[in-house]
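K.L.:
Can you read through this structure? Questions will come right after.
The values are calculated or read from the model by the stated rules, or taken from the named source; none is laboratory data. What you see is a predicted model; the values in this text were computed from it and never measured. Cβ sites come from the backbone with ideal geometry, for glycine too, and all protein chains shown count toward neighbours. Accessible surface areas use protein heavy atoms only, side chains included; no ligands, DNA or RNA. Shrake-Rupley method; radii C 1.70, N 1.55, O 1.52, S 1.80 Å.
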Amino acid sequence: MQSEPETVCNVAISFDRCKITSVTCSCGNKDIFYCAHVVALSLYRIRKPDQVKLHLPISETLFQMNRDQLQKFVQYLITVHHTEVLPTAQKLADEILSQNSEINQVHGAPDPTAGASIDDENCWHLDEEQVQEQVKLFLSQGGYHGSGKQLNLLFAKVREMLKMRDSNGARMLTLITEQFMADPRLSLWRQQGTAMTDKYRQLWDELGALWMCIVLNPHCKLEQKASWLKQLKKWNSVDVCPWEDGNHGNELPNLTNALPQGANANQENMGQCKSLEYQHLPAHKFLEEGESYLTLAVEVALIGLGQQRIMPDGLYAQEKVCRNEEQLISKLQEIELDDSLVKIFRKQAVFLLEAGPYSGLGEVIHRESVPMHTFAKYLFTSLLPHDAELAYKTALRAMRLLVLESTAPSGDISRPHHIASVVPNRYPRWFTLSHIESQQCELASTMLTAAKGDVRRLETVLESIQKNIHSSSHIFKLAQDAFKIATLMDSLPDITLLKVSLELGLQVFPLFTIVTIEEGNLTHCC
């Protein structure tokens, strides 16, 4: 600013193999990131390398001096900086003159200007103390004054480091995690038996997601991964380490409004997404012809969505399962399917149907396996124009909801890749069950709409609805949907769909209930 006096800062930057390994600046600013003076000097060195004189390491320069030159060099150095270096110079002189001193037991002397050995690890400068202080400060503010935003900026910095394969990414995340573990509120919440706030838990979610990125990094050495695993186990053993399960209280919030519902749910989510255009970038290192980074990314996403996984115990973790699945599907919906991607969809759908215990669409699954309704609806709509038979096979397999079944098939034990469904005599605490049943209903409604005019498929979908849907309100909704689809204004009534509507309506109400159809709505009276 023009009103501020101009100040001169002394800046020193050390480089090692194209990385800034240490920085010092006399400005005194304390921050995680480089001050403006360090950035300015770095840019000056990059843009005008000829203006920065290159010197040999100081050890080489001293080696070329005779005794008189060495004495003059030391005395002038002390004279210029006598208040700063004189005590150190006298101490070093005393130690050198003492035959038994520690400094005389070491051959040679260190040279900070010579750089590291080729075998030494080199990494970008990171002020660890400042990282710890900043995180501690943000956490102490309890989510106020934009502290949550600042922490998310730190997380974004870690992601940037990981993207650039900067080893400081893991170092910085370790420092952040240590401060999170040292937060005194964790002990307080544990003693009081109360759950942490949603904003705070979201920060822990981001912390966990970043650690997954680190331990799954294919470029990391096995020794590094073993070290991180040891550290993660150490943190996990601490009493105050929060559980992913989250809320264990008696008050159960209504998740029906918390999660997207109905047919419009995905729509020194879709409406909120930006319209992106994805392109195929060739992956030359892979064997199969026609593969690209886009096809590989889509395939990995489909594998992840289709994997069998047990529903976690806690409310927060269950809600996160649903939300993460819908967010990933929403991202996939941004991609326009071409022939190469349709091929991937076919391949994965067949694999998931025929796979064993690792697939959520396998023939036999665990009773408390996370349902595949949302994922199957996406597969169904994507495959329907290209392979209707496979689309229906996938969706019908996903219609099951074994957690509500009193009995479940044990599977063919002669096939070793199958696992037996364990059926305890109780219903587990599925806090998101209402949302899951809504998604099951949406899958059934989507199939009914697509099957209009196809008697065989309508009968198959009806059988699946009658077998798998247990909520009377959802069966009644499907009866209404079937009637509306059957009596669209632009076509003749579909008799088969009307029969489906009638059968579903009769299934909901007792035999003495009279079912009537009036003005496009299915109503009843006793």
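K.L.:
If we keep just the residues of the range 194-231 that are over 13 Å from the mean Cα position of the chain (by Cα) and of a type in the set (A, V, I, L, M), which is nearest to L173 (Cα to Cα)?
P.N.:
Of everything passing the filter in the range 194-231, L229 is nearest to L173 (Cα to Cα).
K.L.:
Please enumerate the residues belonging to the range 379-390 that are under 20 Å from L328 (Cα atoms) and open to solvent by less than 50 Å² (accessible area, probe 1.4 Å).
P.N.:
L379, F380, S382, L383 - these are the residues of the range 379-390 that are under 20 Å from L328 (Cα atoms) and open to solvent by less than 50 Å² (accessible area, probe 1.4 Å).
Per-residue answers, yes or no, for (1) among the small types (G, A, S); (2) modelled with pLDDT under 90; (3) surrounded by fewer than 16 Cβ atoms within 10 Å (Cβ to Cβ):
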| site | (1), (2), (3) |
| --- | --- |
| N468 | no, no, no |
| S473 | yes, no, yes |
| D490 | no, yes, yes |
| S501 | yes, no, no |
| G520 | yes, yes, yes |
| C525 | no, yes, yes |
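K.L.:
Could I ask something else about it? Between A349, A355, A376, which is of a type in the set (A, V, I, L, M, F, W, C) and out of contact with any Ser or Thr (no Cβ under 8 Å at 6 or more places or on another chain)?
P.N.:
A355
K.L.:
Identify, by number, the condition in (1) within 16 Å of A398 (Cα to Cα); (2) small (G, A, S); (3) under 22 Å from the mean Cα position of the chain (by Cα) that A297 doesn't meet.
P.N.:
Here A297 meets the rest and fails (1).
K.L.:
Which condition does I329 not pass, out of (1) in a helix (DSSP H, G or I); (2) of a type outside the set (S, T, N, Q); (3) in contact with a Phe, Trp or Tyr (Cβ under 7 Å, 6 or more places away or on another chain); (4) open to solvent by 10 Å² or more (accessible area, probe 1.4 Å), if it passes all the others?
P.N.:
Condition (4) is where I329 drops out.
K.L.:
Right, here's the next one. Do we have any residue at all in the range 134-151 that's surrounded by 15 or more Cβ atoms within 10 Å (Cβ to Cβ), more than 17 Å from the chain's Cα centre (by Cα), part of a helix (DSSP H, G or I) and β-branched (V, I, T)?
P.N.:
Looking for residues that are surrounded by 15 or more Cβ atoms within 10 Å (Cβ to Cβ), more than 17 Å from the chain's Cα centre (by Cα), part of a helix (DSSP H, G or I) and β-branched (V, I, T), one finds at least one in the range 134-151, hence yes.
K.L.:
Now a separate question. Restricting to the range 1-55, what's the tally of residues that are closer than 23 Å to L153 by Cα and open to solvent by 100 Å² or more (accessible area, probe 1.4 Å)?
P.N.:
Residues meeting the conditions: 2.
K.L.:
On the given criteria, is S340 out of contact with any Leu (no Cβ under 9 Å at 6 or more places or on another chain), part of a helix (DSSP H, G or I) and closer than 22 Å to S292 by Cβ?
P.N.:
The answer is no for S340.
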